[in-house]
Amino acid sequence: MAFVLRRKDFEVFESLFRIDGAVRRELDWEDFRRAFERLDFKQCNGHGSARCFKAVGKPPRRSFHWHRPHNGIITTDAQGRMQKKMEGLYEWTDASFREKTAADEGA
């Protein structure tokens, strides 16, 4: 079952997981945070720039930890590492996400 996301949130995971062969592009941390929260994860602060995203009320219950970039930009290299970490924690792949369509609006 894929997560159905509005365009702006889908673009984050499209870059992270290179959905349909998409080329990675730099991501704004705040766009990433909002997209992750739309998947029902809550951000908590760790020490310094460390951030934790905890699933709210449903599986997966494992938390995703990452350091917020000081400049607020997630590089394409970092995205590859993030992707691997999410694959290991949640078994997410490029097929785990799709963009919301007009048909979803009527459902």
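The values are calculated or read from the model by the stated rules, or taken from the named source; none is laboratory data. Note that this is a predicted model, so its numbers are computed, not measured. Cβ: placed from backbone, ideal geometry, glycine included. Neighbour counts: every protein chain shown. Just so you know, the surface numbers come from the protein's heavy atoms only, side chains and all, with ligands and any DNA or RNA stripped out. Shrake-Rupley method; radii C 1.70, N 1.55, O 1.52, S 1.80 Å.
Evaluate E = 1/(1 + (r/R0)^6) for GLU99 and THR75, where r is the Cβ-Cβ distance and R0 equals 22 Å; express this FRET efficiency to the nearest 0.05.
Details: r = 24 Å, r/R0 = 1.08.
It comes to 0.40.
As a length-normalised measure over Cα pairs under 8 Å and 6 or more apart, the relative contact order of region 44-98 settles at 25 percent. Rounded to the nearest 500, the helix-only mean residue ellipticity at 222 nm of the chain stands at -11500 deg cm²/dmol, with each DSSP H run of n ≥ 4 adding -39,500 (n - 2.57). Answer rounded, prolate or oblate for region 1-48, using the Cα gyration tensor with square roots of eigenvalues a ≥ b ≥ c: rounded when a/c is under 1.5, else prolate when a/b is larger than b/c, else oblate. Here region 1-48 falls in the oblate category. Against the chain, whose longest principal axis is taken from its Cα atoms, helix 29-38 shows a tilt of about 50°.
May I ask you to derive the relative contact order of the chain, considering only C-alpha pairs under 8 Å and at least 6 residues apart, and to give it as an integer percent? Please list the in-between numbers first.
Numbers: 137 pairs, mean separation 38.7, N = 107.
Across the chain, relative contact order equals 36 percent.
Compute the length gained on full extension between HIS65 and SER49: take 0.36 nm times their separation in residues and subtract their Cα-Cα distance, giving the result in nm to one decimal. List each step's numbers first, then the result.
Numbers: separation 16, 0.36 × 16 = 5.76 nm, distance 1.06 nm.
That works out to 4.7 nm of additional length.
Close Lys pairs in the chain (alpha-carbon distance under 19 Å; sequence gap of 8 or more, or different chains): 7.
Taking the Cα atoms only, what angle lies between the long axis of helix 7-17 and the longest principal axis of the chain, rounded to 10 degrees? Computed tilt is about 60 degrees. Each of VAL4, CYS52, VAL23 was scored by the projection of its Cα onto the charge dipole of the chain, and the greatest displacement toward the positive side belongs to CYS52; charges sit on the C-beta of Lys, Arg, Asp and Glu. In the chain, which longest range has no trypsin sites (Lys or Arg not before Pro) that are both DSSP loop (not H, G, I, E or B) and surrounded by at most 13 other Cβ atoms within 10 Å? By the stated rule (loop sites, at most 13 other Cβ atoms within 10 Å), 63-107. Does region 68-107 come out rounded, prolate or oblate by the C-alpha gyration tensor, with a ≥ b ≥ c the root eigenvalues, rounded set by a/c under 1.5 and, if not, prolate when a/b is larger than b/c and oblate if not? Note, shape of region 68-107 comes out oblate. To the nearest 10 degrees, how steeply does helix 76-90 sit against the main Cα axis of the chain, on a 0 to 90 scale? Value to nearest ten degrees: 70.
The residues of the chain present an accessible area of 60 Å² per residue when probed at 1.4 Å with all protein chains retained.
Under a point-charge model restricted to the Cβ atoms of Lys and Arg (+1) and Asp and Glu (-1), what is the dipole moment magnitude of the chain relative to its Cα centre, in debye to the nearest 20?
Numbers: 21 positive and 17 negative charges, 98 e Å.
Around 460 debye, computed over the chain.
Using a/c under 1.5 as the rounded threshold, could you call region 12-107 rounded, prolate or oblate? The axes a ≥ b ≥ c are square roots of the C-alpha gyration tensor eigenvalues, and prolate needs a/b larger than b/c, oblate otherwise. Oblate shape, in that a/c is at least 1.5 and b/c is the bigger or equal ratio.
Taking all protein chains in place and a 1.4 Å probe, what share, in percent, of the accessible surface of the chain do carbon and sulfur account for? Percent of accessible area from carbon and sulfur atoms in the chain: 48. Loop-located GluC sites (Glu not before Pro) across region 17-107 with a Cβ neighbour count of 14 or fewer within 10 Å are GLU26, GLU91, with loop assigned by DSSP.
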